[in-house]
Structures are given as structure tokens and as C-alpha cells.
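Presented below is the structure to which this report refers.
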Amino acid sequence: MSKNTQVLLAARPSGKPAPSDFRIVETAIPEPADGEVLLKVLYLSLDPYMRGRMNAGRSYAKPVEIGAVMEGGTVARVVRSRHPDFSDGDFVLSHSGWQSYALSRGAELRKLDPDAAPLSTALGILGMPGFTAYAGLLTIGQPKPGETVVVAAASGAVGSAVGQIARIKGARAVGIAGGADKCAFVRDTLGFDAVIDHRAPDFAEQLAAACHKGIDVYFENVGGHVWDAVFPLLNDFARVPVCGLIAHYNQPAGAQGGQDRLPGVMREVLSRSLLIRGFIQREFADQRPAFYQEMAGWIKSGAVRYREDVVDGIENAPDAFIGLLEGRNFGKLVIRVAAES
């Protein structure tokens, strides 16, 4: 590449993002100053949280500004280093965003060993999604042997790890996914004890039958009608790590249709002693060394499996991201920006 291809936020979406909310531009490849490295992005992670960064409202992180590069985790190769801790050719985990080249002063970079695991896994099962599953489930969910753990979006990057970790800890894993192919993957490849298709007309009845002893841990990724089916099945003292609410991400800010059900929910939270806690994975940063060690061991032993959905070309990131919010992806969604060599 002789130019730096960038995907910018062109407009703040009202509801579902559209291609017109993004703008693709080409700029000159920057030159690193003293203490900087020039990175060539190889893989870009696309994740549901990015939808929230497109909004201007208050959240746990600053929104992307109009005209700025869309943010996101990346795997990159150092192509020119003027930093004492990095050499040309080093592979690193970075946060370079939706672009093909970026500058870094090195503080946020983590070196990667391409012989230890495929580089793209640093954005998935051995990266933020895998760590989100690990920390959220074990710290908040605290599954115990024999308990029932239910996870929504069970074929996705986070949900697939949640169910497999639950089984490692001796719990019974019940997944919720959309469509026959995803359900088959969750059951036959990931080894969940049961999986329910949330598109089935009798979804709530099937879930109740699969969780005949109730639900002890529900790892929330979705919200919407999935939450409606899960909530009545929660046992006393159930734990609910709230990781995401993808069914609501495209709702306009402040939109809330229908009856206010909060009083009823809170009454049940009180009477059943439920623990419902939202979290952001960085809150548990001190657990990352243990996560890297344990997850690498589980992958090596075959106790944890993963699937990636790889799309080629940075220019295809907007359409792939829109598809992610619609559930079109199958596995961890990654954009391959450039070849590793």
C-alpha cells in the first residue's frame, strides 16, 4: 500500500447504522518521530461495543468524534521503529482503529508471538472477547459444579467462551443462538449441554424445558425477548453478569416503548435476591495474566474451541459491522486488512 486507508465516522446514526454514516478516505502514510513506531495493521476487530461509540451520549468511554477514525482493537506489524523497545518486524496488539497504518508511542502495545497462537486470536479468544467472558463469568457469575449457566449469543466471540468455561468449572451450559447452523455449532463443536434457537416460535417453552431446575447464572449479551424468556427462570440468588444488550443498541437515544416494567423487575430482584451487575472488562485488568495462561492451556488441551469470521479488506468494515449488529456474522468477526508477511 502506498496510502493509508481510513474509515471515518461521517454521521451519528439514528437507529441502525447505514453505509452513509461512514466515509472511506486515503491519506499519506505517516512518518514516526523519535519514540514512535509506524504500524501496519494486519487484523481489525469488529465488536458490538463500537455501536455505542458512534453515539454522542454519556457512556463509559468517549464517543468517536465526527470525522475521526473509527476506533477498534488491531493486530499490527511494526514497519518502522524509532522506539527503543520495538524493532522492525515485531507483531503487536494495538488499538489503531479502522485504518491500514497508524503511529504509536508504544505505551499501549503488547508484543505477540506468532508461533504461540494465530495472530488473529489476540483479538478474539485470547483477547478482549475471551477475557470478557473469563472475567465476567468467574468474577460475577461464579458458577459452581452442577449449576445451570445460560448464555445468550452463544456462538459469538464472548458467548462461546462463556459456555465452555462454565463446563470446565463443572456447570451445565445452555446456549442461546440464532439459526440452525449456529445452534449446531454450539452443541456439536463447542460441546454445550443444550442450545435453544431464539428464533423458534416456542423459544420460551424450549428454554424452560432445557432449564428444568432453573437458571443459576445468566450471562447477558442480548436483552430483548431473550431476557424476557430468561428472567422468570432465574433461581433465588442467581447471578447475572451484564456484558451487552445488542438487541437495543440501534434504538434511538432515550427511546423506550411500551409499558414500564422496571418496578416489576426490581420487585423480583429483591424477592429472589438476584445479583445483576454490568461490567466493562478493563475493571478486571489484574486478572489478565491468569487469563492468558489458563486460556492458552485450555485451547491447547482442546477444552476450549473457537471460530473466526474473517472478512478481507478495510473498505468492507462498514458493511461487516452493520451485519454484526444484525447477527450475520458466525464467530469472532475480524477484518483482514493486510497479509502477515
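The values are calculated or read from the model by the stated rules, or taken from the named source; none is laboratory data. This one's a predicted model, so the numbers in the text were calculated from it and none came from an experiment. In this analysis, Cβ positions are derived from the backbone assuming ideal geometry, glycine residues included, and neighbour counts consider all displayed protein chains. Keep in mind that these areas ignore ligands, DNA and RNA; they rest on the heavy atoms of the full protein, side chains included. Shrake-Rupley method; radii C 1.70, N 1.55, O 1.52, S 1.80 Å.
For a quick check of your reading of the filter: which trypsin sites (Lys or Arg not before Pro) in the stretch 23-76 sit in a DSSP loop and have no more than 14 other Cβ atoms within 10 Å? Could you put the intermediate results ahead of the total?
Values: sites: ARG23, LYS40, ARG51, ARG53, ARG58; in loops: ARG58.
Taking the stretch 23-76 and a limit of 14 other Cβ atoms within 10 Å, the loop trypsin sites (Lys or Arg not before Pro) found are ARG58.
So if each residue of separation counts as 0.36 nm, and I subtract the Cα-Cα distance between GLU315 and LEU270, what length gain in nm does that give?
11.3 nm
Mind checking which of MET266, ILE140, GLY297 is farthest towards the positive end of the chain's charge dipole, using Cβ charges of +1 (Lys, Arg) and -1 (Asp, Glu) about the Cα centre?
Most positive-ward Cα: MET266.
Can you give me the solvent accessible area of ARG172 with a 1.4 Å probe, rounded to the nearest 10 Å²?
70 Å²
Take the cross-link list LYS182/LYS300; LYS62/LYS182; LYS16/LYS111 and give me the ones stretching past 26 Å between alpha-carbons. Could the numbers behind the result be given before it?
Numbers: LYS182/LYS300 23 Å; LYS62/LYS182 34 Å; LYS16/LYS111 36 Å.
Those over the limit are LYS62/LYS182; LYS16/LYS111.
Would you mind computing, in nm to one decimal, how far apart the modelled labels at HIS225 and ASP202 are, each placed 7 Å from Cα along Cα→Cβ?
Modelled inter-label distance: 1.6 nm.
How much accessible area per residue does the chain have, in Å², with a 1.4 Å probe? All intermediate terms of the calculation are to be shown ahead of the outcome.
Working: 15400 Å² over 341 residues.
Accessible area per residue, the chain: 45 Å².
Ranked from the most accessible area to the least, with a 1.4 Å probe and all protein chains present, what is the order of ARG187, ARG336? Intermediate values should be presented prior to the final figure.
Working: ARG187 115, ARG336 90 Å².
So, going from the largest accessible area down, we get ARG187, ARG336.
Per DSSP helix of 4 or more residues, -39500 (n - 2.57); summed, then divided by the residues of the chain. What does that give at 222 nm, rounded to the nearest 500? Please report the intermediate quantities before stating the final value.
Details: 9 runs with 78 residues, N = 341.
For the chain, the value works out to -6500 deg cm²/dmol.
Taking all protein chains as present, what is the carbon and sulfur share of the accessible area of the stretch 1-126, in % to the nearest whole number, probe 1.4 Å? Mind dumping the intermediate values first?
Details: 2800 of 5660 Å².
Carbon with sulfur: 49 percent of the solvent-accessible area.
Going by Cα centres, the stretch 266-297 and the stretch 75-116 are how many Å apart?
Cα centroid to Cα centroid, the span is 30 Å.
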